[in-house]
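Undergrad: The structure's right below; bear with me while I get my questions together.
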Amino acid sequence: MEDSLGAGAVIHALDCPTDAEARVARGAYLAAADDLDRIIRSCVSGRELIGEGFEDDVDLALQLDASKHAPLMEGGFYARFQPD
């Protein structure tokens with residue numbers, strides 16, 4: 001669930017043409033946006049992460065517009081996108 005909501009947040013921020021799956025992810029994000037903190041913290045993986053001592057990771061994942069950079073997949077690993 002949190003992956004779909006995260007994807008929906010990115011898709012919403014990009015404001016670009018989308019396929020059906022992306023529209024559903026964006027719609028789910030928009031429907032949850034007002035209560036996103038509670039929803040993520042109460043979902044199974046959110047509770048697991050918090051219970052295992054990774055609440056700071058959940059806090060970080062809930063930040064919107066926290067970075068001006070997007071990751072770029074290069075050779076199977078994520079790297080910072082470096083515009084020309």
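The values are calculated or read from the model by the stated rules, or taken from the named source; none is laboratory data. Everything numeric here is computed off the predicted structure, so don't read it as measured data. Neighbour counts are summed over all protein chains in view; Cβ atoms, including those assigned to glycine, are modelled from backbone coordinates with ideal geometry.
Undergrad: Name the one entry in ILE11, ILE39 that is closer than 15 Å to ALA61 by Cβ, touching a helix residue (DSSP H, G or I) at 6+ places or on another chain (Cβ under 7 Å) and of a type outside the set (S, T, N, Q).
TA: ILE39
Undergrad: Taking the range 41-84 on its own, how many of its residues are loosely packed, with under 11 Cβ neighbours inside 10 Å and touching a Gly at 6+ places or on another chain (Cβ under 7 Å)?
TA: 0
Undergrad: Could you list, in sequence order, the residues of the range 9-27 that are within 12 Å of the chain's Cα centre (by Cα) and either at pLDDT 95 or above or among the charged types (D, E, K, R) (or both)?
TA: Of everything in the range 9-27, those that are within 12 Å of the chain's Cα centre (by Cα) and either at pLDDT 95 or above or among the charged types (D, E, K, R) (or both) turn out to be ALA25, ARG26.
Undergrad: List every residue pair whose Cβ atoms sit under 7 Å apart, with the two residues 6 or more apart in sequence or on different chains, where the first one lies in the range 1-28 and is touching a residue at least 40 places away in the same chain (Cβ under 8 Å) and over 26 Å from ARG47 (Cβ atoms) and the second, anywhere, is surrounded by 13 or more Cβ atoms within 10 Å (Cβ to Cβ) and small (Gly, Ala, Ser).
TA: Note: no pairs meet the criteria.
Undergrad: How many of the residues making up the range 51-84 are under 29 Å from ASP34 (Cα atoms) and aromatic (Phe, Trp, Tyr)?
TA: 1
Undergrad: Now for a different question. With respect to the numbered conditions (1) of a type outside the set (A, V, I, L, M); (2) on the phi < 0 side of the Ramachandran plot; (3) assigned to a loop (DSSP other than H, G, I, E, B), which one is the sole condition not fulfilled by ASP57?
TA: (3)
Undergrad: Exactly one of (1) modelled with pLDDT of 95 or more; (2) touching a Ser or Thr at 6+ places or on another chain (Cβ under 7 Å) is unmet by ASP37. Its number?
TA: (2)
Undergrad: Output the number of residues of the range 2-40 satisfying the condition of being farther than 20 Å from ASP65 by Cβ, surrounded by 15 or more Cβ atoms within 10 Å (Cβ to Cβ) and basic (Lys, Arg).
TA: 0
Undergrad: Going by the structure shown, is ALA32 in a helix (DSSP H, G or I), out of contact with any Gly (no Cβ under 6 Å at 6 or more places or on another chain) and modelled with pLDDT of 95 or more?
TA: yes
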